[in-house]
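The structure appears right after this line, and notes come after that.
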Amino acid sequence: MKNTLIAPSILAADFANLQRDIEMVNASEADWFHLDVMDGVFVPNISFGMPVIKSIAKHAKKPLDVHLMIIDPDRYIKTFADLGTDVLTVHYEACTHLHRTLQAIKAEGMQAGVAINPHTNVALLEDTIKDIDLVCIMSVNPGFGGQSFIENTYKKVKQLREIIEANGATTKIEIDGGVTNRNAKQLVEAGSDVLVAGSYVFGASNPTETIADLKKIVL
């Protein structure tokens, strides 16, 4: 039986009650914390940086899945390792020397992830797929929460799953953006392993129940 992981996106949490929301995720059936770091340059928005992640790490009892939507991510690899990051994801579009960046992430003891924007073809990852622990397919344009899901994502998941299998890789496929109970099952059937859900979870009247419902759908 496949165990699909659910990773609530902390970008959608209530920052005035961050500890409460982190403890909710700890107590829920969620598997990871998904943390989006934005620099206002690579994406048109700024989220949170190291001090906030340090606070989150202090209370989080589940792995930290950190998604860097920033230019020049290499400068910060060691910093994020020191903060307790378990999976560090960089954008394909932000890395001139992707293979070197992946090696640097692994050298710090983290799993290495690569995110691709909606316009980026998954075939571009074929040469490095065996070095990638996780591919994060953006199913919305990166930078803002609450956007609607891009339907072409299913096709990309299937294509990426074929590349992973053809190369004998063990790469996980993560979907980030617009995930709800309406598309979760279809995403898993297409080949996804990790679903990131932000406003769908934190905007719900009962986030714990919403996470549990997503888990049931994807079993």
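Listed values, structure above:
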read-out	value
Output for the range 84-116, where each listed residue is surrounded by fewer than 20 Cβ atoms within 10 Å (Cβ to Cβ) and in a loop (DSSP other than H, G, I, E, B)	GLY84, ASP86, CYS95, THR96, HIS97, GLU108, GLY109
Test for VAL157: is it touching a strand residue (DSSP E or B) at 6+ places or on another chain (Cβ under 7 Å), under 20 Å from ALA30 (Cβ atoms), part of a helix (DSSP H, G or I) and of a type outside the set (Gly, Ala, Ser)	no
Failed condition for GLY143, given (1) within 22 Å of ALA13 (Cβ to Cβ); (2) crowded, with 20+ Cβ neighbours inside 10 Å	(2)
Cβ-Cβ under 7 Å pairs, at least 6 apart or on other chains, the range 197-219 side over 19 Å from LEU11 (Cα atoms), far side surrounded by fewer than 20 Cβ atoms within 10 Å (Cβ to Cβ) and among the charged types (D, E, K, R)	ALA212/GLU29; LYS215/GLU29; ILE217/LYS185; VAL218/LYS185
Conditions (1) outside any helix (DSSP H, G or I); (2) surrounded by fewer than 19 Cβ atoms within 10 Å (Cβ to Cβ); number of the one not met by HIS67	(2)
Tally, over the range 140-155, of residues that are of a type outside the set (Phe, Trp, Tyr) and touching a residue at least 40 places away in the same chain (Cβ under 8 Å)	4
The range 117-130: number of residues that are in contact with a strand residue (DSSP E or B) (Cβ under 7 Å, 6 or more places away or on another chain) and surrounded by fewer than 20 Cβ atoms within 10 Å (Cβ to Cβ)	2
Criterion (loosely packed, with under 14 Cβ neighbours inside 10 Å, out of contact with any Gly (no Cβ under 6 Å at 6 or more places or on another chain), touching a residue at least 12 places away in the same chain (Cβ under 8 Å) and not basic (Lys, Arg)) met by exactly one of ASN17, ASN26	ASN26
Test for ASN152: is it at pLDDT 95 or above, touching a Pro at 6+ places or on another chain (Cβ under 9 Å), of a type outside the set (Asp, Glu) and within 22 Å of THR180 (Cβ to Cβ)	yes
Given (1) touching a Pro at 6+ places or on another chain (Cβ under 8 Å); (2) outside any loop (DSSP other than H, G, I, E, B); (3) over 27 Å from LEU214 (Cα atoms), index of the condition THR79 fails	(1)
Pair list, Cβ under 6 Å, 6 or more apart: the range 72-99 residue over 17 Å from GLU174 (Cβ atoms) and of a type in the set (D, E, K, R), other residue modelled with pLDDT of 95 or more and assigned to a helix (DSSP H, G or I)	ASP74/THR101
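The values are calculated or read from the model by the stated rules, or taken from the named source; none is laboratory data. Quick caveat: nothing in here was measured; it's all calculated off a predicted structure. Cβ sites come from the backbone with ideal geometry, for glycine too, and all protein chains shown count toward neighbours.
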